[in-house]
Structures are given as C-alpha cells and as structure tokens.
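Shown next, in structure tokens, is the structure this report addresses.
The values are calculated or read from the model by the stated rules, or taken from the named source; none is laboratory data. All figures in this text were calculated on a predicted structure; none of them were measured in a lab. Here Cβ is always computed from backbone atoms with ideal geometry, including for glycine, and neighbour counts include all displayed protein chains. These accessible areas exclude ligands, DNA and RNA; they are computed on the full protein's heavy atoms, side chains included. Shrake-Rupley method; radii C 1.70, N 1.55, O 1.52, S 1.80 Å.
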Amino acid sequence: MSKPASRRRGGAGASAQSMANAIRARERRRQHRTAAWALPAATIPSAGVGWLTAAFTDWYAGAAVIAVLTVLALRRIYRSEGSSWATGAAGERRTRRTLIPLVWTGLGRWIVLHDRQIPRSRANLDHLIFGRCGPVYVDTKTWTSKTSKVRLDAHGRLWYGRYPQQDAVDTVIWEAGRAAQVLGHSVRPVIAVHYAHVPPGGLVTAGVTVVQATELRRHLRSLPKEPGWSRARIRKAALLADQQLRPAA
C-alpha cells in the first residue's frame with residue numbers, strides 16, 4: 001500500500017499563507033497608488049524644511065532633513081497592516097513542527113496530514129492525525145495575547161480573554177463531522193492554542209478538547225486506544241483521507 005504523500009514535511013498553513021499573500025499583494029498595489037501622488041505632494045514641504053535648515057546651518061544638514069522626511073513618508077505609506085491569515089498560517093506551521101516528533105518516533109503508529117480541503121466547501125482541515133486512538137482533527141488557534149486566559153464560563157462556553165469563542169467551537173465540530181463523513185468513522189475534535197494560556201490538563205466544551213499547543217503531543221499519546229486501530233488500519237485510513245481530501249493549497 002502506498003504511503004500518503006502528505007506524510008512528507010510541508011503543507012501546514014499553506015492555504016492561510018496563500019490568503020495572506022493575496023491580501024498583502026492587494027495592500028502593496030494600494031500602497032503603490034498612494035505613493036504615486038503622495039510622494040510628489042510631500043516633496044515641496046520637505047524641500048522647504050530642508051532649505052530652511054540649510055539656511056540656518058549648512059547644506060549637509062538640509063539634505064539630511066529632506067532624506068529623513070522622505071524615508072518617514074515611505075515608511076508611513078508602505079507600512080503593513082498585518083494579516084490574521086499570516087498569523088494563522090504561522091501558527092499552523094508551529095503545530096506541524098510540534099507533531100513531527102510524534103511521527104518520527106511513532107514507528108508507524110502515527111500519520112499526520114496537514115491543510116486539507118473539505119469537499120464542496122471553502123473550509124479546510126488544519127491537521128488530521130491517525131493513531132491507535134483513531135482519527136483526530138486538530139484545529140490550530142493562534143491567540144497571540146499571552147496575558148489573556150482561555151477559559152470556560154459557568155455555562156461551559158469557551159472564552160479567549162473577553163472574547164466568546166462558541167462560533168469557533170461550532171466550526172471545529174462541523175469540520176470534524178465532515179472529516180468523519182469521508183472516513184466513515186467518528187473523529188475527535190481538538191483545538192490547539194498557541195500563546196494564550198490554557199489551564200493545565202486542557203478544557204472540554206461541547207465534546208471539543210482545548211489544549212495548549214505545547215501539550216498537544218502529550219494529549220494525543222494519552223488518548224485511549226480504539227479496538228482495531230492497528231498500523232495497517234492507520235495507513236489505510238490515512239490513505240483514504242489523502243485521496244478524498246485534497247491539499248487546500
């Protein structure tokens with residue numbers, strides 16, 4: 001039986017990075033259009049300030065002032081607004097690196113696929129993991145505030161700092177369900193959080209386990225084994241997923 005192509009390194013965060021690149025390209029085109037009129041418009045006042053500086057000091061200082069003002073104008077025009085897509089892509093790559101030792105030391109007991117397109121949908125699956133525990137779907141969340149805590153409220157709903165995350169939980173449940181349809185087997189949903197603090201041992205809300213990304217390998221290894229999930233079945237399930245869930249980018 002052939003091995004899933006996506007066992008090779010790479011792929012994680014590709015679709016999010018592609019979206020980030022498209023956003024950045026649109027931003028750069030807008031910046032070029034702005035520079036076309038803004039830089040000439042800034043030339044006259046910059047030259048005036050430089051001339052005044054040169055008049056009271058020397059022409060070296062005047063030229064330096066003009067250069068500094070030009071650089072400041074360029075930095076303001078070409079300042080990147082950043083992208084949540086780029087942040088998400090970086091988080092997915094971090095999760096991929098976290099999972100590499102699981103595969104390398106697993107002796108065939110673990111196979112991981114990254115960034116897979118859900119059929120007939122624009123959504124993608126961040127990480128599909130196959131092991132003795134059966135299939136697991138891991139969704140990466142890059143919540144960058146290290147001072148914000150991930151918690152459950154009195155009703156068992158997930159929060160990241162002051163922000164409710166029930167929509168994110170519902171999305172993960174839906175994505176795991178779509179993966180289960182393809183595989184013909186239930187899929188455990190997991191959210192792996194980078195940066196923001198998750199309580200030790202993780203949280204469980206609506207059947208979704210939320211863990212610190214650095215604890216992900218430990219969590220996966222602690223899951224109970226499911227009957228019948230031998231190395232051969234793990235390979236077969238991963239191959240099916242590899243065939244039915246194409247790379248998202």
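Results for (1) closer than 25 Å to I118 by Cα; (2) free of Cβ contacts under 8 Å to residues at least 12 places away in the same chain; (3) among the hydroxyl-bearing types (S, T, Y), shown as yes or no for each residue.
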{"position": "G131", "(1), (2), (3)": "yes, no, no"}
{"position": "D139", "(1), (2), (3)": "yes, no, no"}
{"position": "T144", "(1), (2), (3)": "no, no, yes"}
{"position": "R151", "(1), (2), (3)": "no, no, no"}
{"position": "A179", "(1), (2), (3)": "yes, no, no"}
{"position": "P199", "(1), (2), (3)": "no, no, no"}
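Of the listed requirements (1) open to solvent by less than 30 Å² (accessible area, probe 1.4 Å); (2) at pLDDT below 95; (3) closer than 12 Å to A238 by Cα, A123 misses just one: (3).
So, of the residues in the range 112-130 that are in a strand (DSSP E or B) and of a type in the set (S, T, N, Q), which turns out to be farthest from S222 (Cα to Cα)? This residue is Q117.
Which one of the conditions (1) among the charged types (D, E, K, R); (2) free of Cβ contacts under 8 Å to residues at least 40 places away in the same chain; (3) surrounded by 14 or more Cβ atoms within 10 Å (Cβ to Cβ) does D170 fail to meet, given that it meets all the rest? The failed condition is (3).
If the condition is being of a type in the set (V, I, T) and closer than 20 Å to L216 by Cα, then the range 172-198 contributes V172, I173, V187, V190, I191, V193, V198.
Applying the selection to the range 139-168, what residues are part of a strand (DSSP E or B) and of a type in the set (A, V, I, L, M, F, W, C)? Steps first, answer last, please.
Filtering the range 139-168 for residues part of a strand (DSSP E or B) gives 139-143, 149-152, 158-160, 163-164.
Of everything in the range 139-168, those that are part of a strand (DSSP E or B) and of a type in the set (A, V, I, L, M, F, W, C) turn out to be W143, V150, L152, L158, W159.
Residues that are under 15 Å from L99 (Cα atoms) and among the β-branched types (V, I, T) were ranked within the range 207-232; the one that is most open to solvent (accessible area, probe 1.4 Å) is T214. Taken over the range 188-232, the residue count meeting the criterion of being out of contact with any Lys or Arg (no Cβ under 9 Å at 6 or more places or on another chain) and hydroxyl-bearing (S, T, Y) is 2. Could you go through the range 76-85 and let me know if any residue there is at pLDDT below 90, among the aliphatic types (A, V, I, L, M) and open to solvent by less than 40 Å² (accessible area, probe 1.4 Å). Within the range 76-85, one or more residues are at pLDDT below 90, among the aliphatic types (A, V, I, L, M) and open to solvent by less than 40 Å² (accessible area, probe 1.4 Å).
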